[in-house]
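The block underneath contains the structure these notes are about, expressed in structure tokens.
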Amino acid sequence: MKLVRHLANLGYGSRRQVTAMLHDGRVTRADGTPLYPEDPVGHDEIRIDDQPLDPPSGLVLMLHKPVGYTCSTRDTGRLIYELLPSRFAARKPMLSTVGRLDRETSGLLLLTDDGQLLHRIISPKSHLPKVYEAELAADLQGHEAGLFASGTLVLETETTPLAPAGLEVLAPRRVRLTVTEGRYHQVRRMFAAAGNHVITLHRQKIGGLELGNLPAGQWRVLQASEPAEIFGSSC
Ligand code: URA
């Protein structure tokens, strides 16, 4: 791909702005040699202001979404895209969230420009387990694990029962819940159906991929081997 288009697709500016950056000598090879628009050069060899480029398309990011941010490109209030470099919003192909977390939910959120990977993760057919920790307003009553595991629970306004979900009780008001679907506000609605209320909700894991100790509000690029962990045998 031509240099100007490549850099514009990575969000470094419009084609005109990128051309101006080349003209100003800001785009170089690793050894500092200025690049010209027609130069044949590999992605990894390019520097802008001495910095290596962001990864090319096929990018997968892990974000520790904090409470109070919305998974949307347009909304009132704070958006998760504000936590990423602003040029990421201008990338082509677009960087999309892999599913969503509610504004008041924290934890593991993936973003990618790989449409096939996104589809594989969110497809209901993938049955990928998603692990959440929740703090509840009231003590558990004892019927919740059976209700969630039954495969018969139908959420309000829905007609199809939820797939069985696994509940681990950590404390009278603290649970770990594993679900294999991604219905709207699913975890909160499951506890509402059980006569309780979720106060805090945090996603720890998608398939075999864990958030780990990434601090809230921080993000990192997944290593090439990590997307496979999502679908790995450990999930
Ligand atoms: N379930 C919810 O209720 N909210 C989320 O953000 C994710 C799962």
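The values are calculated or read from the model by the stated rules, or taken from the named source; none is laboratory data. Here the structure is a predicted model, which is why all the values come from computation and not from measurement. Reconstructed Cβ throughout: ideal geometry from the backbone, glycine too, with neighbour counts over all protein chains shown. With ligands, DNA and RNA removed, areas are computed over all heavy atoms of the protein, side chains included. Shrake-Rupley method; radii C 1.70, N 1.55, O 1.52, S 1.80 Å.
Listing for the model above:
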| quantity | calculated |
| --- | --- |
| Inter-residue pairs, beta-carbon under 7 Å, first within 17 Å of residue 98 (Cβ to Cβ) and in the stretch 198-219, second among the hydrophobic types (A, V, I, L, M, F, W, C) and open to solvent by 50 Å² or more (accessible area, probe 1.4 Å), 6+ apart | 207/231; 207/235; 208/235 |
| Residue list for the stretch 149-168, filter: hydroxyl-bearing (Ser, Thr, Tyr) and either at positive phi or not in a loop (DSSP other than H, G, I, E, B) (or both) | 157 |
| Selected residue (only one of 28, 73 is surrounded by 15 or more Cβ atoms within 10 Å (Cβ to Cβ) and polar (S, T, N, Q)) | 28 |
| Matching option when the condition is open to solvent by less than 40 Å² (accessible area, probe 1.4 Å) and touching a residue at least 60 places away in the same chain (Cβ under 8 Å), among 63, 22, 53 | 63 |
| Checklist (1) in contact (Cβ under 8 Å) with a residue 40 or more places away in the chain; (2) assigned to a strand (DSSP E or B) applied to residue 47, failing item | (1) |
| Test for residue 99: is it surrounded by fewer than 17 Cβ atoms within 10 Å (Cβ to Cβ) and away from the ligand (no atom under 11 Å from the Cβ) | no |
| Verdict on residue 138 being open to solvent by 30 Å² or more (accessible area, probe 1.4 Å), aliphatic (A, V, I, L, M) and out of contact with any Asp or Glu (no Cβ under 8 Å at 6 or more places or on another chain) | yes |
| Extreme residue, farthest from residue 71 (Cα to Cα), among residues of the stretch 169-200 that are in a helix (DSSP H, G or I) and more than 9 Å from the ligand (Cβ to nearest atom) | 193 |
| Residue count, the stretch 175-224 (criterion: open to solvent by 70 Å² or more (accessible area, probe 1.4 Å) and among the aliphatic types (A, V, I, L, M)) | 2 |
